[in-house]
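The values are calculated or read from the model by the stated rules, or taken from the named source; none is laboratory data. Since the structure is predicted, the reported quantities are computational estimates derived from the model, not experimental observations. Backbone-built Cβ (ideal geometry, glycine too); neighbour counts: all protein chains shown. SASA here: full protein model, heavy atoms, side chains in, ligands and nucleic acids out. Shrake-Rupley method; radii C 1.70, N 1.55, O 1.52, S 1.80 Å.
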Amino acid sequence: REEPWLRDHVIFDTALLPGTGIVEIIMSAARNLGSATIDSLNLAAPLVLDDTVGVQLQLSVEPPNDRGLRAVTLHSRLEDAPEGTLWDEHALAMLSGEPLPDTSRCPELAIWPPEEADAVELEGFYTKLQEHGFTYGDTFRGLTRAWYRGQSAFGHIVLPDSAATHVAGYGIHPALLD
């Protein structure tokens, strides 16, 4: 209810928190702890969303280990779960205090669109995804242009106006990253 854009991420007829939403939750904790990066991330199970029942989240963060990494786990259970109901594990991550890489000097992206890249036709792109079980609502339909160069893919992604009121507080909105 608080994040209506999540209804726009439906996989095989089930609304799921996108993996990028899990990344954002973990990065929010990392920022609060002074950690800069997710060193590793293992997604254990999808987090199913339901319009009728809220979901409780539990994020556990361990003290740094001897290498300076912090283990983080994300669990959930339904808001109306009876006392003693076990929490479902969705992710295990390791946070690092290493600084984020400086992407401002990425020569590959200095010229946009990328040089010597072939444009990709996007007509019917989201229809094809839906045929394979990925039903994206407006919030997740931000890919407006795309290019390939060798094994690299590039995209121009814009969050639609309908989602503009739901961007505050994110490092990067999960729909953009998705």
Legend entry - Elements of type strands (runs of 3 or more DSSP E) contained in the stretch 73-164, each with 3 or more residues being open to solvent by less than 70 Å² (accessible area, probe 1.4 Å), modelled with pLDDT of 95 or more and under 22 Å from Val61 (Cα atoms): 88-96
Legend entry - Breaking point among (1) modelled with pLDDT under 95; (2) in contact with a strand residue (DSSP E or B) (Cβ under 9 Å, 6 or more places away or on another chain); (3) within 29 Å of Asp13 (Cα to Cα), for Asn65: (3)
Legend entry - Test result for Pro174, touching a residue at least 24 places away in the same chain (Cβ under 8 Å) and closer than 19 Å to Glu24 by Cα: yes
Inset, instruction - Those residues that are open to solvent by 60 Å² or more (accessible area, probe 1.4 Å) and outside any loop (DSSP other than H, G, I, E, B), I need them from the stretch 165-174; list them, please. - result: Thr165
Legend entry - Verdict on Ala30 being closer than 30 Å to Arg145 by Cα and among the hydrophobic types (A, V, I, L, M, F, W, C): no
Legend entry - Residues of the stretch 35-59 that turn out to be open to solvent by 40 Å² or more (accessible area, probe 1.4 Å) and either of a type in the set (S, T, N, Q) or over 30 Å from Arg1 (Cβ atoms) (or both), as a count: 6
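Yes or no: the stretch 92-104 includes at least one residue that is over 27 Å from Asp39 (Cβ atoms) and in contact (Cβ under 8 Å) with a residue 40 or more places away in the chain.
Scanning the stretch 92-104, I find no residue that is over 27 Å from Asp39 (Cβ atoms) and in contact (Cβ under 8 Å) with a residue 40 or more places away in the chain, so the answer is no.
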Inset, instruction - Mind listing whichever residues of the stretch 8-38 are in contact (Cβ under 8 Å) with a residue 60 or more places away in the chain, part of a strand (DSSP E or B) and not polar (S, T, N, Q)? - result: His9, Val10, Ile11
